[in-house]
Amino acid sequence: MKRVVITGIGIYSCIGTNMDEVRDSLHKGKSGIGIDPKRTEYGYRSPLTGIVPLPDLKGKLSRRQRVCLPEEGEYAFMATEEALKDAGLGVDYFEKNEAGILYGNDSSSKAVIESHEACLEKKDTTLMGSGAIFQSMNSTVTMNLSTIYKLRGINFTISAACASGSHTLGLGALFIRLGLQDMIVCGGAQETNYLSMASFDGLSAFSTRVDNPQKASRPFDKNRDGLVPSGGAATVILEEYEHAVKRGAKIYAEIVGYGFSSNGVHISQPSNEGSALAMTRALQDARLKPSDIDYINAHATSTVLGDTYEAMAIDEVFGASKTPVSSTKGMTGHECWMAGASEVVYTLLMMKDSFMAPNINLEEPDDISKKLNIIAKTTDKNLDICLSNSFGFGGTNSALILKKL
């Protein structure tokens with residue numbers, strides 16, 4: 001089996017639109033949560049969301065390229081631009097060398113709804129606009145980025161709810177391990193517009209702590225009352241180890257473990273058994289013991305059931321080791337389809353600068369979470385091996401283990 005390393009990262013999120021800004025926010029425990037008045041007007045119970053600025057792509061892309069990109073695609077382009085620059089890559093490289101793309105995305109709501117509204121108003125499908133189909137398909141990110149960057153390898157979208165971004169990295173690692181690709185652009189993207197999250201709000205899944213938005217997302221805290229939706233995009237360049245060395249690329253870490261499972265029980269309720277199985281499989285894949293893990297970036301979204309079941313699973317697998325744990329979602333909110341990729345980027349930034357980001361807003365852990373070694377304040381620590389969890393609706397679970405070289 002070939003080895004898989006990470007040679008470039010890019011991030012566009014509510015806590016920063018580049019790596020430097022995001023690293024500073026993680027270290028300071030800075031929240032990116034705010035209020036979107038459009039959500040109140042639309043009928044939301046909760047107007048809370050991660051505030052992600054829309055990028056200006058004029059001068060960066062042609063008009064035709066911009067027309068085909070939905071909101072989440074714009075975020076993904078920005079994250080990918082940074083990741084490719086970080087990895088020392090560009091279109092000229094891809095014109096001469098094959099590379100693939102696997103990206104996580106599970107909705108393109110705004111594009112679909114706006115196309116529908118145009119038809120209702122004009123009674124003419126030809127007036128939807130030529131970019132409507134390319135914006136509205138679930139595979140919009142991979143189809144757009146693959147043509148923008150001339151990518152000629154594996155090309156498809158992973159649609160796996162809030163584990164989408166994580167599964168892209170796990171599957172990308174498998175393709176490279178098997179020798180089928182030398183390099184794959186991986187990541188996850190999530191739209192943040194008010195049209196994209198109404199159905200979640202209708203489930204009463206969101207926090208309504210509107211008096212203090214930056215205190216609303218409270219992973220593992222006894223008084224949490226729901227998640228805060230967020231989004232953006234994160235891109236991670238995966239590369240075969242020898243290929244990266246020959247190219248003279250810098251290496252952040254190696255993906256040494258990928259574990260997955262499906263709960264197979266309830267469509268929205270998580271499972272400690274499924275979560276524990278994914279983590280155990282990741283350890284087995286990496287040939288590591290629980291005590292080898294220096295830090296866990298938890299999925300913990302700030303929902304009562306989700307955090308509880310994950311805490312049970314972490315305690316089952318890592319309880320004897322008292323492995324340090326934190327959820328960066330206290331700062332970012334739940335970035336949904338991008339979260340599995342963005343949290344790998346957050347973890348890599350911590351590994352690079354030797355610190356553990358705080359689980360902010362943790363005032364009193366619930367009874368189950370009290371068993372965990374939750375890091376409530378920024379803590380300096382050398383991190384050589386880390387695990388990142390991602391779980392999603394439908395019971396899809398993914399766990400990734402990163403090892404510094």
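Just one residue in the set D86, D92, D106, D124 is of a type in the set (D, E), within 30 Å of V4 (Cβ to Cβ) and surrounded by fewer than 18 Cβ atoms within 10 Å (Cβ to Cβ); that residue is D92. Count of the range 323-377 residues, restricted to those that are crowded, with 24+ Cβ neighbours inside 10 Å, of a type in the set (S, T, N, Q), out of contact with any Gly (no Cβ under 9 Å at 6 or more places or on another chain) and not in a helix (DSSP H, G or I), is 3.
Table: residues versus (1) closer than 18 Å to S25 by Cβ; (2) β-branched (V, I, T).
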residue: V304; (1), (2): no, yes
residue: E316; (1), (2): no, no
residue: K322; (1), (2): no, no
residue: C336; (1), (2): no, no
residue: A341; (1), (2): yes, no
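If the condition is being surrounded by fewer than 17 Cβ atoms within 10 Å (Cβ to Cβ) and either touching a Phe, Trp or Tyr at 6+ places or on another chain (Cβ under 8 Å) or in the same structural domain as V325 (by TED's automatic domain parsing) (or both), then the range 207-231 contributes no residue at all.
The numbered conditions (1) closer than 19 Å to S164 by Cα; (2) in contact with a Ser or Thr (Cβ under 6 Å, 6 or more places away or on another chain); (3) in a strand (DSSP E or B) are all true for G274 except (3). Answer yes or no: is there a residue in the range 365-375 that is under 18 Å from the mean Cα position of the chain (by Cα) and not assigned by TED's automatic domain parsing to the domain that holds L174. No: the range 365-375 contains no residue that is under 18 Å from the mean Cα position of the chain (by Cα) and not assigned by TED's automatic domain parsing to the domain that holds L174. Highlighted here are the helices (runs of 4 or more DSSP H) found entirely within the range 125-179 that include at least 2 residues which are in contact with a Gly (Cβ under 8 Å, 6 or more places away or on another chain): 140-148, 164-177.
All of A87, A76 fail the test of being assigned by TED's automatic domain parsing to the domain that holds K150, farther than 16 Å from S230 by Cα and of a type in the set (G, A, S), apart from A87. Taking each residue of the range 307-322 that is closer than 17 Å to D221 by Cα and assigned to a helix (DSSP H, G or I) and looking for partners that are at pLDDT 95 or above and basic (K, R) with beta-carbon atoms closer than 8 Å, six or more apart or interchain, yields D307/R224; A311/K371; D315/K371. Checking D201, D225 one by one, the residue that is assigned to a loop (DSSP other than H, G, I, E, B) and within 30 Å of G29 (Cα to Cα) is D225 and no other.
For E95, the criteria (1) in contact with a Lys or Arg (Cβ under 8 Å, 6 or more places away or on another chain); (2) modelled with pLDDT of 95 or more; (3) in a loop (DSSP other than H, G, I, E, B) hold in every case but one, which is (3).
Filtering D353, D380 for residues that are closer than 30 Å to E240 by Cβ and modelled with pLDDT of 95 or more leaves a single hit, D353. Taking the criterion of being buried (at least 19 other Cβ atoms within 10 Å of the Cβ) and touching a helix residue (DSSP H, G or I) at 6+ places or on another chain (Cβ under 8 Å), the residues of the range 132-142 that qualify are A132, F134, Q135, S136, T140, V141. The set of residues in the range 53-86 being closer than 28 Å to Y252 by Cβ and polar (S, T, N, Q) consists of T80 alone.
Only one of I296, I314, I267 is closer than 19 Å to V345 by Cα and out of contact with any Lys or Arg (no Cβ under 8 Å at 6 or more places or on another chain); which? Matching residue, one of I296, I314, I267: I296.
The values are calculated or read from the model by the stated rules, or taken from the named source; none is laboratory data. Because the structure is predicted, anything quoted here is derived from the model rather than measured. When we count neighbours, we look across all protein chains shown, and the Cβ atoms used for this are built from the backbone with ideal geometry, even at glycine.
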